[in-house]
1. Could you list, in sequence order, all residues of segment 86-108 that are of a type in the set (A, V, I, L, M, F, W, C) and either buried (at least 20 other Cβ atoms within 10 Å of the Cβ) or at positive phi (or both)?
2. How many residues are farther than 17 Å from Trp222 by Cβ and either part of a strand (DSSP E or B) or among the aromatic types (Phe, Trp, Tyr) (or both) if we restrict to segment 50-84?
3. Test Leu47 against the stated conditions and say whether it is surrounded by 13 or more Cβ atoms within 10 Å (Cβ to Cβ), of a type outside the set (S, T, N, Q), touching a strand residue (DSSP E or B) at 6+ places or on another chain (Cβ under 6 Å) and not in a loop (DSSP other than H, G, I, E, B).
4. Hey, can you tell me all the residues within segment 55-79 that are of a type in the set (A, V, I, L, M, F, W, C), over 16 Å from Gln210 (Cα atoms) and surrounded by 11 or more Cβ atoms within 10 Å (Cβ to Cβ)?
5. Which of the residues spanning segment 85-142 are over 24 Å from Val45 (Cα atoms), assigned to a helix (DSSP H, G or I) and among the polar types (S, T, N, Q)?
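Read the figures in this text as sums done on the coordinates, not as results from a lab. Small disclaimer: the values here were computed from a predicted structure and weren't measured. Here Cβ is always computed from backbone atoms with ideal geometry, including for glycine, and neighbour counts include all displayed protein chains.
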Amino acid sequence: MDRKYMIKNIYLSLAIVFSLVLYPEVSRADRIFIVNSTGYNQAEVQLQTAITNNGHFVNVGATIPAGLVSTCIDPVNGYDWLCFFGNSSYTAMIPQMQAFIDNGGKVFYQYEVTCCNVSSQSAADVLTSLVGMPITPNVNGYIALGGWEATGQSCCATFTGNAYKGLDGLPVGNQLQATANLNGSAPPISNSLNYGFFFTTTDFASGANQGGIIGVGDVNMWYDGDEPFSNGGSTPVSTVMVDYSSRTAHPHVTYSHLDV
């Protein structure tokens with residue numbers, strides 16, 4: 001498969017990760033395992049419920065269960081997504097992440113700003129291992145505190161957040177980039193444009209040429225830039241991706257799988 005098309009597919013799959021609040025007829029039910037821990041960037045109950053209420057199967061735990069495999073290996077009991085939330089280091093699970101990706105699985109990684117430095121360092125360490133290049137947290141503790149947006153993402157989507165953590169060493173072609181500061185936020189996004197990343201297939205050092213990983217450094221994106229519920233927020237899980245991920249807009253994309 002053409003690499004440009006594969007990258008497009010993993011980028012579009014960000015819609016699934018961010019808005020598992022899609023209409024059932026638009027995407028098939030995915031099987032999702034969330035590795036969760038405490039912290040500002042945890043997967044709160046409201047987020048888990050929003051995913052489940054839209055027909056997806058969700059399990060949550062503090063670690064990856066023994067024997068967990070992707071649906072490419074076990075279509076019935078395997079998982080499409082392995083997701084990491086919370087202010088914890090998950091570097092000890094890198095071998096399991098690598099095996100999951102090498103078998104066609106997709107990984108989502110939620111990291112954060114100075115509230116959750118452990119998570120951003122862990123994200124950088126995980127990527128360094130998986131893709132074989134030095135990636136480190138940006139020297140700025142946060143970018144665009146007070147509001148930012150990313151418009152025209154892979155054509156049509158707009159995301160908003162409150163402050164994100166940048167990573168250094170990401171190739172430009174693997175970056176998810178902010179497009180503007182909002183509400184007089186600081187520091188400017190030019191200090192580190194990437195609010196997230198995506199890698200797929202031949203990007204990985206293992207040589208298996210399978211699977212993918214996506215991550216973002218601002219949990220507020222799930223709530224249209226508002227606070228998480230545990231920190232006083234009240235905005236429901238974002239549905240910004242609903243129109244963007246319609247089949248009529250992208251008729252050749254399989255939304256619930258990376259086509260790799």
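1. Met97, Phe100, Ile101, Val107, Phe108
2. 6
3. Values: surrounded by 13 or more Cβ atoms within 10 Å (Cβ to Cβ): yes; of a type outside the set (S, T, N, Q): yes; touching a strand residue (DSSP E or B) at 6+ places or on another chain (Cβ under 6 Å): no; not in a loop (DSSP other than H, G, I, E, B): yes.
Against the criterion (surrounded by 13 or more Cβ atoms within 10 Å (Cβ to Cβ), of a type outside the set (S, T, N, Q), touching a strand residue (DSSP E or B) at 6+ places or on another chain (Cβ under 6 Å) and not in a loop (DSSP other than H, G, I, E, B)), Leu47 does not qualify.
4. From segment 55-79, those of a type in the set (A, V, I, L, M, F, W, C) are 57-58, 60, 62, 64, 66, 68-69, 72-73, 76; that's our starting set.
Going one step further and asking which of them are over 16 Å from Gln210 (Cα atoms), we end up with 57-58, 60, 62, 64, 66, 68, 76.
Correct list: Phe57, Val58, Val60, Ile64, Leu68.
5. Within segment 85-142, Thr91, Gln96, Gln98, Gln121, Thr128, Ser129 qualify.
Residue-by-condition table, conditions (1) surrounded by fewer than 17 Cβ atoms within 10 Å (Cβ to Cβ); (2) farther than 21 Å from Gly39 by Cβ; (3) out of contact with any strand residue (DSSP E or B) (no Cβ under 9 Å at 6 or more places or on another chain):
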| site | (1), (2), (3) |
| --- | --- |
| Gln110 | no, no, no |
| Asn117 | yes, no, no |
| Ser122 | no, no, no |
| Leu130 | no, yes, no |
| Met133 | yes, yes, yes |
| Asn138 | no, no, no |
| Ala144 | no, no, no |
| Gly147 | no, yes, no |
| Thr151 | yes, yes, no |
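Let's see how each residue does on (1) without any contact (Cβ under 8 Å) to a residue 60 or more places away in the chain; (2) on the phi < 0 side of the Ramachandran plot; (3) charged (D, E, K, R); (4) out of contact with any Cys (no Cβ under 9 Å at 6 or more places or on another chain):
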| residue | (1), (2), (3), (4) |
| --- | --- |
| Gln110 | no, yes, no, no |
| Gln121 | yes, yes, no, yes |
| Leu145 | yes, yes, no, yes |
| Phe159 | no, yes, no, yes |
| Asn181 | yes, yes, no, yes |
